[in-house]
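A.B. asks: The structure is given below, and queries will be raised subsequently.
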Amino acid sequence: MAVFPALFGFFLLAVVKGQVVDITPREAVRRVGDELIVQCKVPYPIDSCRMTVGPNSYRLLPTNQDEEVVYSGNGLQFGECGGLIKHVREEWNGNISCVVPPQSGSIELTATMQLTVARPPLQPLLITDTHQSSFKEGDYFMAQCVVPSGRPAAKVTWYLDDEPLLEGIHQAVIRPEPGSDLKTISQNLSRTLSADDNGKRLICRAEHEALDGPKDVARQLVVEYPPKRMEAGQITIFGLKIGEEGRLNVTVRANPAPTASWTVGDLVVSPRPAADDAAVVALEPEHLGGGYYNVTLILQRVAKEDVDRTYYLRVSNELGQEEFAVRLSTMDEPAGVELGSGAIAGIVVAVLILLIAVSLIVFAKATDRWCFGGSRSRDHTKNSGESTPAGDVLIERGIPRPSRTSDTESAAGQRSRLAALGARMRAVLPRSKDKVQDTAPETRDEEQGDEKKSVVYAELALSETVEKPPPPATEYAEIVYTQQQPAAETKE
Ligand SMILES: *[C@@H]1O[C@H](CO)[C@@H](O)[C@H](O)[C@H]1NC(C)=O
Ligand SMILES: *[C@@H]1O[C@H](CO)[C@@H](O)[C@H](O)[C@H]1NC(C)=O
Ligand SMILES: *[C@@H]1O[C@H](CO)[C@@H](O)[C@H](O)[C@H]1NC(C)=O
Ligand SMILES: *[C@@H]1O[C@H](CO)[C@@H](O)[C@H](O)[C@H]1NC(C)=O
């Protein structure tokens with residue numbers, strides 16, 4: 001809504017000042033010799049049309065199409081004042097204006113666009129702050145690409161071989177050249193060199209409207225590093241056969257090329273020509289490409305004791321050396337430990353169950369509650385333990401039991417089993433001594449004579465139970481006696 005008054009105000013201002021000439025395009029880049037159409041339009045019929053191109057002002061007549069700059073459009077009666085520039089000239093770089101008569105008054109109206117006459121830049125330059133020809137792995141590398149004297153400024157992109165480089169590219173800086181309208185662009189690249197960069201071409205590519213194709217400047221990267229192995233851990237050569245030729249091959253990476261020597265017991269074996277009669281032959285490291293080398297030791301006949309030995313491979317180049325222990329095995333290479341999805345699911349489920357069990361126990365322990373033991377046992381205390389003096393131990397015999405209601409009995413039996421489980425757990429859990437445990441020996445002594453009963457239910461009405469209304473009061477312990485006669489056992 002606020003737009004409307006603003007628009008209206010602008011329109012009013014435009015009418016008052018007479019600035020209603022619409023020009024397209026507002027900017028254009030053309031090569032020398034190219035064609036360009038600039039279109040101006042006013043919302044009323046006009047009777048004349050002029051265009052200023054470079055130092056000249058051209059009068060454009062729809063009937064005259066012979067000049068370098070001629071009329072273009074549907075006609076003056078539609079308010080159209082367009083110019084066709086047949087061949088753009090170098091010196092026309094700059095502003096182009098159209099001039100039309102006003103709707104009223106006598107001041108002519110103009111509109112201006114900007115033509116950039118493209119001029120190809122000079123050869124791009126790749127500048128590095130060091131003159132060293134090779135780098136070490138991990139070196140910080142900085143390069144600057146400069147593409148001078150373009151109009152407009154050239155566009156710069158970076159490649160590593162064919163791969164576009166996007167990381168480590170700094171902001172491009174465009175500087176005008178003093179005393180001309182040409183522009184020089186420069187862009188920096190920084191990179192931590194890796195072994196993979198070795199041998200690759202770092203390319204700075206300049207692209208420009210005035211160039212038929214991109215112009216490249218490149219530099220080959222040389223990155224050196226000491227020998228290393230890609231895989232960590234013990235090297236074991238599998239599948240060797242006693243009595244047959246054995247090939248111990250280890251793949252290492254190094255730049256420059258490594259030299260290798262093997263230590264077999266007291267013997268040091270280095271590659272040397274024409275040593276084919278020897279029992280142990282070391283081969284020259286063989287380049288596999290990308291800085292990887294195959295280093296091989298050949299045992300003409302693998303003996304039993306060879307398999308028990310440890311072979312030491314020493315690989316070195318100008319930057320360092322590395323020693324690897326190589327063991328042999330007559331077994332086939334074991335397949336990697338691959339777990340099927342079923343096995344993984346099984347492990348996950350097992351772990352989950354374990355976690356749930358542990359957390360349940362911890363929770364029960366923390367709240368001092370074993371399942372539904374809490375509230376029910378209090379009732380039970382009322383039933384059976386009210387008359388009992390605090391701290392006394394009442395022993396409930398299995399058979400026959402004291403006179404009680406049958407439902408209480410069965411409930412008590414269930415509870416006792418649960419409580420017994422709890423008591424056992426408590427005995428296992430590393431908390432302070434349990435009351436059941438404390439009193440259990442007494443109970444045991446009392447019942448020692450009764451050999452027929454194997455299970456004794458002990459209800460412990462504790463002193464604090466009576467004093468404090470919400471008691472972790474009654475506890476049941478299942479006391480299982482070790483019996484002389486196993487047949488007498490009545491446990492379920
Ligand atoms: C070109 O036109 C712009 C406005 O559109 C003006 O600022 C600039 O000074 C002009 N340049 C020349 C060389 O006339
Ligand atoms: C680019 O690197 C040159 C030196 O190589 C340095 O002078 C210049 O400040 C750097 N420019 C940017 C934008 O990092
Ligand atoms: C030895 O060469 C074989 C291929 O011939 C290759 O599979 C194996 O990985 C190499 N052993 C080592 C330790 O590089
Ligand atoms: C390494 O060289 C040995 C001996 O020439 C060959 O048996 C083995 O296959 C080669 N290993 C690789 C990975 O090229």
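A.B. asks: Keeping to the stretch 124-178, report how many residues are outside any strand (DSSP E or B), open to solvent by less than 40 Å² (accessible area, probe 1.4 Å), away from ligand 2 (no atom under 12 Å from the Cβ) and within 29 Å of PRO227 (Cβ to Cβ).
C.D. replies: Looking only at that region, the number is 2.
A.B. asks: Here is a further query. Output the residues belonging to the stretch 236-261 that are within 16 Å of ligand 3 (Cβ to nearest atom), within 40 Å of the chain's Cα centre (by Cα) and not in a loop (DSSP other than H, G, I, E, B).
C.D. replies: Correct list: THR236, ILE237, ARG247, LEU248, ASN249, VAL250, THR251, VAL252, ARG253, ALA254, ALA260.
A.B. asks: Next question. When the stretch 134-156 is examined, which residues are found to be under 30 Å from GLY291 (Cα atoms) and of a type in the set (A, V, I, L, M)? So that I can check it myself, show each step before the final result.
C.D. replies: Of all residues in the stretch 134-156, those under 30 Å from GLY291 (Cα atoms) come to 134-145.
Answer for the stretch 134-156, where residues must be under 30 Å from GLY291 (Cα atoms) and of a type in the set (A, V, I, L, M): MET142, ALA143.
A.B. asks: Within the stretch 95-113, work out how many residues are polar (S, T, N, Q) and in contact with a Pro (Cβ under 9 Å, 6 or more places away or on another chain). Working first, answer last.
C.D. replies: If we filter the stretch 95-113 for residues that are polar (S, T, N, Q), which is where we start, we get 95, 97, 103-104, 106, 110, 112.
Going one step further and asking which of them are in contact with a Pro (Cβ under 9 Å, 6 or more places away or on another chain), we end up with 103.
Qualifying residue count for the region: 1.
Every residue, every condition in (1) within 13 Å of ligand 4 (Cβ to nearest atom); (2) open to solvent by 100 Å² or more (accessible area, probe 1.4 Å); (3) modelled with pLDDT under 95, yes or no:
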| site | (1), (2), (3) |
| --- | --- |
| GLY265 | no, no, yes |
| PRO271 | yes, no, yes |
| ALA274 | no, no, yes |
| ALA303 | no, no, yes |
| VAL315 | no, no, no |
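A.B. asks: Return the only residue of GLY233, GLY199, GLY213 being closer than 21 Å to HIS131 by Cα and part of a loop (DSSP other than H, G, I, E, B). Show your work before the answer.
C.D. replies: Values: GLY233 fails: closer than 21 Å to HIS131 by Cα; GLY213 fails: closer than 21 Å to HIS131 by Cα.
Going through GLY233, GLY199, GLY213 in turn, just one is closer than 21 Å to HIS131 by Cα and part of a loop (DSSP other than H, G, I, E, B): GLY199.
A.B. asks: Taking LYS86 as the residue in question, decide whether it is more than 16 Å from ligand 4 (Cβ to nearest atom) and under 34 Å from the mean Cα position of the chain (by Cα). Give the derivation first.
C.D. replies: Details: more than 16 Å from ligand 4 (Cβ to nearest atom): yes; under 34 Å from the mean Cα position of the chain (by Cα): no.
Taking the combined requirement at face value, the residue does not satisfy it.
A.B. asks: Checking the structure you have, find out if any residue of the stretch 231-245 is without any contact (Cβ under 8 Å) to a residue 40 or more places away in the chain and among the hydrophobic types (A, V, I, L, M, F, W, C).
C.D. replies: Scanning the stretch 231-245 turns up at least one residue that is without any contact (Cβ under 8 Å) to a residue 40 or more places away in the chain and among the hydrophobic types (A, V, I, L, M, F, W, C).
A.B. asks: Can you find a residue that is open to solvent by 40 Å² or more (accessible area, probe 1.4 Å), at positive phi and away from ligand 1 (no atom under 16 Å from the Cβ) anywhere in the stretch 233-245? Lay out the reasoning, then the answer.
C.D. replies: Filtering the stretch 233-245 down to residues open to solvent by 40 Å² or more (accessible area, probe 1.4 Å) leaves 233-234, 236, 238, 241-242, 244-245.
Among the residues that remain, those that are also at positive phi are: 233.
Those still in the list that are away from ligand 1 (no atom under 16 Å from the Cβ) too: 233.
Yes: one or more hits.
A.B. asks: I'd like to check which strands (runs of 3 or more DSSP E) are fully inside the stretch 46-97 and have at least 3 residues that are more than 15 Å from ALA111 (Cα to Cα) and more than 16 Å from ligand 3 (Cβ to nearest atom). Even if it seems obvious, please write down each step before you answer.
C.D. replies: Values: elements: 50-53, 56-59, 69-72, 80-85.
So the answer is 69-72.
A.B. asks: A further question follows. Please tell me if LYS17 is out of contact with any Phe, Trp or Tyr (no Cβ under 9 Å at 6 or more places or on another chain) and modelled with pLDDT of 95 or more.
C.D. replies: no
A.B. asks: Of the residues GLY73, GLY94, which is touching a residue at least 40 places away in the same chain (Cβ under 8 Å), open to solvent by 10 Å² or more (accessible area, probe 1.4 Å) and of a type outside the set (Lys, Arg)?
C.D. replies: Values: GLY73 fails: touching a residue at least 40 places away in the same chain (Cβ under 8 Å).
Within the list GLY73, GLY94, the selection yields GLY94.
A.B. asks: Right, next: I'm trying to understand the selection: among the residues of the stretch 172-221, which are closer than 30 Å to VAL252 by Cα and among the basic types (Lys, Arg)? Reasoning before the result, please.
C.D. replies: Step one: filter the stretch 172-221 for residues closer than 30 Å to VAL252 by Cα, giving 190-203, 218-221.
Selection gives ARG191, LYS200, ARG201, ARG219.
A.B. asks: For ASP181, all conditions in the list (1) away from ligand 2 (no atom under 16 Å from the Cβ); (2) modelled with pLDDT of 95 or more; (3) of a type in the set (D, E, K, R) hold save one; what is the number of the exception?
C.D. replies: In the conditions (1) away from ligand 2 (no atom under 16 Å from the Cβ); (2) modelled with pLDDT of 95 or more; (3) of a type in the set (D, E, K, R), ASP181 misses (2) alone.
The values are calculated or read from the model by the stated rules, or taken from the named source; none is laboratory data. In this text, all values refer to a predicted model and were calculated from it rather than measured experimentally. Positions of Cβ are backbone-derived with ideal geometry, glycine not excepted, and every protein chain shown enters the neighbour counts. Only protein heavy atoms, including side chains, enter the accessible area calculation; ligands, DNA and RNA are left aside. Shrake-Rupley method; radii C 1.70, N 1.55, O 1.52, S 1.80 Å.
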